[in-house]
Amino acid sequence: MLTSYGYSSMIKVLILSMILSTTAMLFPFWAEITILVAVGATLLFTLYFFRDPKRTVPEEQRVILAPADGKILLVQPHIKDSSANPPTLVSIFMSPFNVHVNRIPISGKVSHLRYCPGKFLMAFDHKSMESNERMEIGIDNGEIEVQFSQVSGFLARRIVCTLRSGEMVKIGKRFGMIKFGSRVDLILPPSAKVAVQPGQITRAGETVIARY
């Protein structure tokens with residue numbers, strides 16, 4: 001299954017591949033083969049990158065799920081909050097080989113939505129959390145509010161987010177993606193009990209990040 005968020009990119013790669021394949025016939029045989037192999041590898045990687053496997057949302061109630069596939073980079077108090085009981089920052093790094101479709105971490109109402117232009121630092125550089133281009137999102141279910149950000153990376157220059165401010169959303173549903181390597185940062189309320197640790201692998205819509 002391929003994500004509709006990547007259709008435009010896949011069409012562009014297909015057209016470019018057709019042009020290169022046709023042009024390759026003008027070169028010597030060894031060069032033609034090299035070009036065709038490179039074109040084939042690019043097509044296969046593009047299809048692999050934009051895969052969108054089905055996910056099964058846990059039946060457990062009062063959980064916050066991972067919004068992205070990847071590896072946990074950070075689990076620490078949110079340094080921008082100086083209160084005695086600060087929220088927790090959880091960062092997920094997405095490599096180019098992870099599924100890049102993002103999913104809703106908790107059911108509720110979209111209470112915050114803001115696009116922030118910025119730099120394109122490496123996604124695993126913690127400075128990217130504040131400096132890079134990102135989409136900030138907040139979801140409130142009436143009991144808690146979970147804030148999270150789609151953060152672009154060095155290769156990722158395209159954030160896709162289909163959410164609208166004020167709309168009701170359901171846990172585990174797709175809402176966008178970040179193309180070609182990136183990270184997602186969550187800010188969890190103090191009442192949430194984190195269930196992951198650095199180095200752990202996550203699956204969007206399935207891995208329990210925290211309980212409340």
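The values are calculated or read from the model by the stated rules, or taken from the named source; none is laboratory data. The shown structure was predicted, so the numbers you read here are calculated from the model rather than taken from an experiment. As a convention, Cβ positions derive from the backbone with ideal geometry for all residues, glycine included, and neighbour counts pool all protein chains shown.
Against the test of being of a type in the set (A, V, I, L, M) and part of a strand (DSSP E or B), the options Val90, Val99 yield a single qualifying residue, Val90. Take the conditions at pLDDT below 95 and either surrounded by 16 or more Cβ atoms within 10 Å (Cβ to Cβ) or within 20 Å of Ser4 (Cβ to Cβ) (or both) and apply them to Ile139. Does it pass? No, not satisfied. Every condition in (1) free of Cβ contacts under 8 Å to residues at least 24 places away in the same chain; (2) under 26 Å from the mean Cα position of the chain (by Cα) is met by Gly6 except one, and the failing one is (1). Note on region 22-34: residues that are surrounded by 13 or more Cβ atoms within 10 Å (Cβ to Cβ) and either within 30 Å of Ala210 (Cβ to Cβ) or modelled with pLDDT under 95 (or both) amount to 2. Asp52 passes every criterion in (1) under 24 Å from Glu145 (Cβ atoms); (2) among the acidic types (Asp, Glu); (3) in contact with a helix residue (DSSP H, G or I) (Cβ under 9 Å, 6 or more places away or on another chain) apart from (1). Taken over region 186-206, the criterion of being surrounded by fewer than 24 Cβ atoms within 10 Å (Cβ to Cβ) and either of a type in the set (Asp, Glu) or part of a loop (DSSP other than H, G, I, E, B) (or both) is satisfied by Pro189, Pro190, Ser191, Ala192, Ala195, Val196, Gln197, Pro198, Gly199, Gln200, Arg203, Glu206.
State which residue is surrounded by the fewest Cβ atoms within 10 Å (Cβ to Cβ) when the search covers only region 50-86 and only residues that are part of a strand (DSSP E or B) and among the basic types (Lys, Arg).
Of region 50-86, the ones part of a strand (DSSP E or B) are 51, 63-65, 70-77.
So of that shortlist, the ones also among the basic types (Lys, Arg) come out as 51, 71.
Working: Arg51: 13, Lys71: 17.
Selected residue: Arg51.
Before we move on, is Phe180 under 11 Å from the mean Cα position of the chain (by Cα) and part of a loop (DSSP other than H, G, I, E, B)?
Answer is yes for this residue.
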